[in-house]
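Asks: Encoded as structure tokens, here's the structure I'll be asking about.
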There are 2 protein chains.
Amino acid sequence: MQIRLASHYGFCFGVKRAINIAQKHKSSNTMGPLIHNQNEIDRLKNSFDIGLYHTLDEVKKNDTIIIRTHGITKENMLKLKSKDTNIINATCPYVTTLQNIVKNIDDTSYSIVIFGDAKHPEVMGVKSWAKNQKDIYVVLTVEELDDISFKHDKVAIVAQTTRNKEKFLEVANKLILNFKEVKVFNTICDATLQNQEATKDLSKESDIMIVIGGKNSSNTRQLFNISKEFCKDSYLIENSSELDTSWAKDKQKCGITAGASTPDWIIEEVIEKLKETNE
Amino acid sequence: MQIRLASHYGFCFGVKRAINIAQKHKSSNTMGPLIHNQNEIDRLKNSFDIGLYHTLDEVKKNDTIIIRTHGITKENMLKLKSKDTNIINATCPYVTTLQNIVKNIDDTSYSIVIFGDAKHPEVMGVKSWAKNQKDIYVVLTVEELDDISFKHDKVAIVAQTTRNKEKFLEVANKLILNFKEVKVFNTICDATLQNQEATKDLSKESDIMIVIGGKNSSNTRQLFNISKEFCKDSYLIENSSELDTSWAKDKQKCGITAGASTPDWIIEEVIEKLKETNE
């Protein structure tokens, strides 16, 4: 039986990359939680001795510090550098791009709007890179724009990478209708949508589909529903212990996909079990 | 009785300005029809000897040539200049702004989209000012974007000044979802909307409203409907001959507005008749 993984599945590119970086730097510490997944952070602690610092005060000279996927603020980056540490940057490249866009906006001509959650570490980090901290605003709704006294008649807008595109457009459109010029940077990442598209493509070409993820996870159930639509022998499991190898009997092509909160090692365990049965 | 005109009414700012310019230059010729209103063009011919050239070949040395509200192409402007003429520019300032935006877009980074009618003189003029004529596209629908091979991953979009804002946003949004960066210049003029808002404000403060315009004119009927909503004694007339002065009997505050195709002189005749009755 041929086993194929979806072209996009499970953790997004930025999260996978950060985990790989962490695994290559045993006994280091992350500045804030590396990713938003406690199981994976526990595994990194247990298997790779990756510690977790919550404040800069905990950092010691010569520490190896891994920057979390969401990035950190400019101020904290400068402080870290001054502490004589070995800095390993695991910021998601899409977040780095976003930080650079904000850093490079001409603050003498453009006010800046960030569409996102002002309390999210990614947004706090991105905002900190703007040249003019008095002319950058974080909003989640169109209504919030009404309360802002913009310094310029031109506005640049960026988005937190995990936000909904329709809501982003609503805010951008309000600006377009009210400002002379609006520079719109669509910095939203397609990870969730890509997982769905890849599940669709793979399930069309498979005679059995295994979808791995939490049964309560909304995005995993969405993947399962898409899979069922194109491959009637689709199964949703949380881990390898739920895999009934008889499902694969007489099948030629097995497709595998996983929800956004499913770590690779759970997926690998499922693949191993399928391969063993297959031998 | 106090007679008050709406803060915005009738011809838009650019058309009024062009007519004033023409009236100050008797016996000149316009390059193409000055505005899209034949009655007014006839009046300018009869009262101010303003002629109409359709092609550059008709232009003679030392002619005074008035550039129409919609502007002309860069090529025609250069040809006119080479013909040793006295050029009077009656291009609507909003159209000039639009031409300048297109002229100043960095063609080494941005492809350009014009949301508008490719055959409209304003759009043909605006398009001609772009540095790179091979990377500027005129579209009226979202679907038309699919057929374009853009040269850059950044796009700038502008709009013909008289277009609908909702449709403009549809096209801009499609670009935002597909390009790294989109510079949106909202170059749509608010004239129609402003006439409606001004009618609303004035009718609230009037005890009689006279709306002047063609009974078949869609924008005039819209003004009349708005007026009726806030002032029950609202009347729609095409010109002063339809004005029944008894309507104004015992009224204190008379408001006047006019549709977008109503020349000022028709409005003035109505005001004169009202004033005479009032004396």
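Bear in mind that the values in this text are calculations on the coordinates, not laboratory data. Here the structure is a predicted model, which means the values were calculated and not measured. Counting neighbours? That spans all protein chains shown, and the Cβs are built from the backbone with ideal geometry, glycine included.
Asks: Using a Cα-Cα cut-off of under 17 Å, which lysines could be cross-linked to B:K251, ignoring same-chain neighbours fewer than 8 residues away?
Replies: The reachable lysines, counting only those whose Cα sits under 17 Å from B:K251, are B:K204, B:K228, B:K232, B:K273, B:K275.
Asks: Also, I was wondering about something else. Fewest first, what order do A:R17, A:R163 take by the number of other Cβ atoms within 10 Å?
Replies: With the sparsest Cβ surroundings first, the list reads A:R17, A:R163.
Asks: Same structure, new question: Through the Karplus equation 6.51 cos²θ - 1.76 cosθ + 1.60, θ set to phi - 60°, convert the phi angles of segment A:10-26 into ³J(HN,Hα) values in whole Hz; use x for Gly and Pro.
Replies: Per residue, the Karplus-derived 3J(HN,Hα) values read x, 3, 6, 3, x, 6, 4, 4, 5, 5, 4, 4, 4, 5, 7, 10, 3 Hz.
Asks: Taking a ≥ b ≥ c as the square roots of the eigenvalues of the Cα gyration tensor of chain B, is the shape rounded (a/c under 1.5), prolate (a/b larger than b/c) or oblate?
Replies: oblate
Asks: Report the one residue of A:S82, A:I112, A:T141 whose Cα lies farthest in the direction of the positive end of the charge dipole of segment A:71-192 (charges on C-beta: Lys and Arg +1, Asp and Glu -1; origin at the Cα centre).
Replies: A:S82
Asks: Could you check the simple spin-label distance between A:E276 and A:E75, using points 7 Å along Cα→Cβ, in nm with one decimal?
Replies: In this crude label model, A:E276 to A:E75 measures out at 5.2 nm.
Asks: So what is the calculated 222 nm ellipticity per residue for chain B, using -39500 (n - 2.57) for each DSSP H run with n of 4 or more, over all residues, to the nearest 500 deg cm²/dmol?
Replies: The per-residue figure over chain B is -12000 deg cm²/dmol.
Asks: Between B:T55 and B:K167, what is the FRET efficiency for a Förster distance of 35 Å, r being their Cβ-Cβ separation, to the nearest 0.05?
Replies: Efficiency computed from Cβ-Cβ geometry: 0.60.
Asks: What's the magnitude of the charge dipole for segment A:13-93 around its Cα centre, counting Lys and Arg as +1 and Asp and Glu as -1 at the beta-carbon? Answer in Debye, nearest 20.
Replies: 240
Asks: Going by alpha carbons, how many degrees (0 to 90, nearest 10) lie between the helix axis of A:165-178 and the longest principal axis of chain A?
Replies: Tilt of helix A:165-178: around 20 degrees.
Asks: Pull up all non-local amide H partners of A:V113: gap of 5 or more, or a different chain, and H-to-H distance under 5 Å with H placed in the peptide plane.
Replies: Residues meeting the amide H criterion: A:Y137, A:A156, A:I157, A:V158.
Asks: Let me ask something additional. Please state the charge dipole magnitude for chain B, taken about the Cα centre, from unit charges on C-beta atoms (+1 on K and R, -1 on D and E), reported in debye and rounded to the nearest 20.
Replies: 680
Asks: Too long at a 20 Å Cα-Cα cut-off: which of A:K16/B:K174; A:K74/A:K127; B:K45/B:K74; B:K16/B:K83; A:K165/B:K151?
Replies: Violating the 20 Å limit, Cα to Cα: A:K16/B:K174; B:K45/B:K74; B:K16/B:K83; A:K165/B:K151.
Asks: A further question on this structure: Hey, what do the phi angles of segment A:260-277 turn into as Karplus ³J(HN,Hα) couplings, whole Hz, using 6.51/-1.76/1.60 and θ = phi - 60°, x for Gly and Pro?
Replies: 5, 10, 9, x, 4, 5, 5, 5, 5, 4, 5, 4, 4, 5, 5, 5, 4, 5
Asks: Separate question: Cut-off is 10 Å between beta-carbons; in what order do A:V158, B:V270 appear when sorted fewest neighbours first?
Replies: B:V270, A:V158
Asks: Additional query: Express as a percent, rounded to the nearest 5, the fraction of DSSP beta bridges in the protein assembly as shown (both residues included) that run antiparallel.
Replies: 5
Asks: Counting DSSP beta bridges in chain B, what percent are antiparallel, to the nearest 5?
Replies: Antiparallel: roughly 0 percent of the beta bridges in chain B.
Asks: Percent relative contact order of chain B, based on C-alpha pairs within less than 8 angstrom and at least six residues apart?
Replies: 20
Asks: Still on this structure, please answer the following. With θ taken as phi - 60° and the coefficients 6.51, -1.76 and 1.60, list the Karplus ³J(HN,Hα) couplings across segment A:55-72 in order, rounded to whole Hz; mark glycine and proline as x.
Replies: With coefficients 6.51, -1.76 and 1.60, one gets 10, 5, 4, 6, 6, 10, 4, 6, 4, 9, 10, 9, 6, 4, 3, 6, x, 10 Hz.
Asks: What angle, in degrees between 0 and 90 and rounded to the nearest 10, separates the Cα long axis of helix B:38-48 from the longest principal axis of the Cα atoms of chain B?
Replies: So the inclination is approximately 80 degrees.
Asks: Moving to a separate point now. Need one number: nm distance between label points at A:N104 and A:N225, each 7 Å from Cα along Cα→Cβ, rounded to one decimal.
Replies: Label-label distance for A:N104 and A:N225, simple model: 3.9 nm.
Asks: Considering only Cα-Cα distances, which of the following residue pairs are longer than 23 Å: B:K131/B:K154; A:K131/B:K183; A:K24/A:K119?
Replies: A:K24/A:K119
Asks: Here's something else I'd like to know. For segment B:57-202, what's the relative contact order in percent, using C-alpha pairs closer than 8 Å and at least 6 residues apart?
Replies: Reported relative contact order: 21 percent.
Asks: Just how far, in whole angstrom, is segment B:37-57 from segment A:99-143 if you go by their alpha carbon centroids?
Replies: Going from one Cα centre to the other spans 53 Å.
Asks: Would you mind working out the magnitude of the charge dipole of the protein assembly as shown relative to its Cα centre, with +1 at each Lys and Arg C-beta and -1 at each Asp and Glu C-beta, to the nearest 20 Debye?
Replies: Once rounded to the nearest 20, the dipole reads 1300 debye.
Asks: Let me ask something else. For the Cα atoms of chain A, what angle does the longest principal axis make with the long axis of helix A:191-204, in degrees from 0 to 90, nearest 10?
Replies: 30
Asks: Once you average over the residues of A:169-177, how many Cβ atoms of partner chains fall within 10 Å of each Cβ?
Replies: Counting Cβ atoms of other protein chains within 10 Å of each residue's Cβ and averaging gives 5.
Asks: Mind listing the long-range amide H neighbours of B:S206? Cut-off is under 5 Å, sequence gap 5 or more, other chains count too, H placed in the peptide plane at 1.01 Å from N.
Replies: none
Asks: If packing is taken as the average number of other Cβ atoms within 10 Å across a peptide's residues, how do B:82-89, A:24-31 rank, most packed first?
Replies: Highest-to-lowest ranking by the protection proxy: A:24-31, B:82-89.
Asks: Given the C-alpha centroids of segment B:224-271 and segment A:59-94, what is the distance between them in whole angstrom?
Replies: When both Cα centres are located, 71 Å separates them.
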